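The values are calculated or read from the model by the stated rules, or taken from the named source; none is laboratory data. On a predicted model such as this, the values are computed, not experimentally measured, just so you know. Here the Cβ positions follow ideal geometry from the backbone for every residue, glycine too, while neighbour counts run over all protein chains shown. We work out accessible area using only protein heavy atoms, side chains counted, and drop any ligands, DNA or RNA first. Shrake-Rupley method; radii C 1.70, N 1.55, O 1.52, S 1.80 Å.
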Amino acid sequence: MNFTRSNELFSQAIKIIPGGVNSPVRAFKSVGSDPLFIKKGAGSNIFDEDDNRYIDYVGSWGPMILGHCHPAVVTAVSKCMENGSSFGAPTELEITLAQMVVDAVPSIEMVRMVSSGTEATMSAIRLARGYTGKDKIIKFSGCYHGHADSLLVKAGSGAATFGVPDSPGVPSDFARHTLIAEYNSIESVKQLVSSNSNQIACVIVEPVAGNMGTVIPRPGFLEGLREICSNEGIILIFDEVMSGFRVSYGGAQSLYGVTPDMTTLGKIIGGGLPVGAFGGRREIMEKLSPSGGIYQAGTLSGNPLAMTAGIETLKLLQAPDFYKNLEEKSRLLSDGLAQAAKEAGYPIYTTRVGSMFCAFFTSGEVYDWTTATTCDTSAFSRYFLTMLQEGIYLAPSQFETGFISAAHTEKDIETTIIAARKCFQLIT
Ligand code: KE4
């Protein structure tokens, strides 16, 4: 494949945009390459500036569950644009999407729209702190909830239960309020709760972890978090920015039957335009300004174009058998990749929840960040770059999730598996 134009554009971008990209993971650094510049998408395909065609399993990191340029979404957003793109005033569209979210997500009685997943989680944490009057929060190693200061935190050294900054620019005074537990370990949560009793505002968790690769909650993990939070008066926040409307129409909380106190959303509810949201029980949400004193705001929150894209997308997700069909295609792909690796004698550990999937380049089970880091990331990079040459666009990092859309065809899946067979042979 020829990447001449992408390389030219990257050399221009890097002069005026930090790292040449507007979000780090797009830079292909973890696979030791330079990024492709994408010109267009259509259904399950994306095309780069050198007119190379790829079967796309990134889908903008989750939003494009319908595939690119679904005609109903394109038509509706174009029509909306004729009336204006933003007013900074309420519109009926915000009520329509809010009602669809309230109807779909068990934990949400009221919802506030924002413009990104980061805004959603940052605001939900402030609301939980304001509602409980407590400062500390618990998050999990390997879970990513956006780049707000309280969340760019890693476990403190040794016995220290408080967090330390995971990025320059995060004051240690902020980080120490964030406690780090281990995913799938109720015991680690119990230890933090007992050593910080009556100081914890919330636990925030990805109910299906998608930011260390796809890591599945073990039976009892989410239920255990629910029990601890109910007993201790701690707000349980499910960060469903990725899993919301992805693993089922009601998200992971519907799939696993565990209802949090608050939920954050993003990606799919914007249909590819900038949207995030946070919602929960009425008694909590009403503490938000202007009905309550906890401040949160946004110029483009509830933007008409983004609301329209989200409304049209969620309408189409309600089609009969939408998730059943997606499940079948996703199973075919995930099983096919596992079989291709097995035939090549290459050890991988595959995971999948609905149309979220991952191939971990390790032989052991992956159930938390520690086990995820046993992966052979250089082998993953070779696999990624070889698959790219075969026209398969995977997430450019071992610690990310792949996504399948309604637009992916059985032919796409078959082509991908044939390419994987070749790649696993090559990298072995
Ligand atoms: P944004 O601020 O990127 O819209 O959402 C942050 C966020 C919050 N919660 C979860 C569970 C998320 O997965 C994300 C963002 N996901 C990454 C992909 N791993 C976005 C890609 C990127 O950072 O460019």
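Listing for the model above:
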read-out: The chain, relative contact order [Cα under 8 Å, separation at least 6], %; value: 22 percent
read-out: Net charge of Cβ neighbours under 12 Å - reference residue 343; Lys, Arg +1; Asp, Glu -1; value: +3
read-out: Stretchable slack from residue 322 to residue 218, in nm (0.36 nm times residue separation minus alpha-carbon distance); value: 34.8 nm
read-out: Size of charge dipole - region 190-265 - debye, nearest 20, with Cβ of Lys, Arg +1 and Asp, Glu -1, no other charges; value: 140 debye
read-out: Relative contact order %, region 109-216, counting alpha carbon pairs below 8 Å whose residues are six or more apart; value: 31 percent
read-out: Amide proton proximity set for residue 114, modelled H, under 5 Å, gap of 5+; value: 276, 277, 278, 302
read-out: Backbone HN-Hα couplings from phi across region 207-223 [Karplus 6.51/-1.76/1.60, Hz, Gly and Pro as x]; value: x, 10, 6, x, 10, 10, x, 8, 10, 8, x, 6, x, x, 5, 5, 4
read-out: Probe 1.4 Å - accessible area at residue 79, Å² to nearest ten; value: 130 Å²
read-out: Three-way shape label, region 257-369, alpha-carbon gyration tensor, a/c 1.5; value: prolate
read-out: Theoretical gain in end-to-end length, residue 51 to residue 426 [0.36 nm per residue, Cα-Cα removed]; value: 132.4 nm
read-out: Separation in nanometres of the label points that stand 7 Å from Cα toward Cβ, at residue 339 and residue 4; value: 4.1 nm
read-out: Average accessible surface area per residue within the chain, 1.4 Å rolling probe, Å²; value: 42 Å²
read-out: Cα shape, region 287-428, gyration tensor, a/c 1.5 rule; value: prolate
read-out: Three-way shape call for the chain based on the alpha-carbon gyration tensor, with the a/c threshold at 1.5; value: oblate
read-out: Within the chain, longest stretch clear of exposed chymotrypsin sites (Phe, Trp or Tyr not before Pro) (DSSP loop, no more than 15 other Cβ within 10 Å); value: 88-294
read-out: Reachable aspartates and glutamates from residue 422, criterion Cα separation under 15 angstrom, eight or more residues apart if same chain; value: 343, 390, 414
read-out: Region 146-294: Rg to Rh, with Rh as the Kirkwood radius over Cα pairs; value: 0.96
read-out: Residue-averaged 222 nm ellipticity for the chain, from DSSP H runs of 4+ at -39500 (n - 2.57), nearest 500; value: -11500 deg cm²/dmol
read-out: Distance violations [Cα-Cα > 24 Å] among 134/154; 40/79; 29/139; 29/342; value: 29/139; 29/342
read-out: Selected from 231, 163, 247, residue furthest toward positive end of dipole (the chain; charges at beta carbon); value: 163
read-out: Cβ charges +1 (Lys, Arg) and -1 (Asp, Glu), total dipole of region 71-317, debye; value: 200 debye
read-out: Accessible surface of region 71-317 [probe 1.4 Å, protein heavy atoms]: carbon and sulfur percent; value: 54 percent
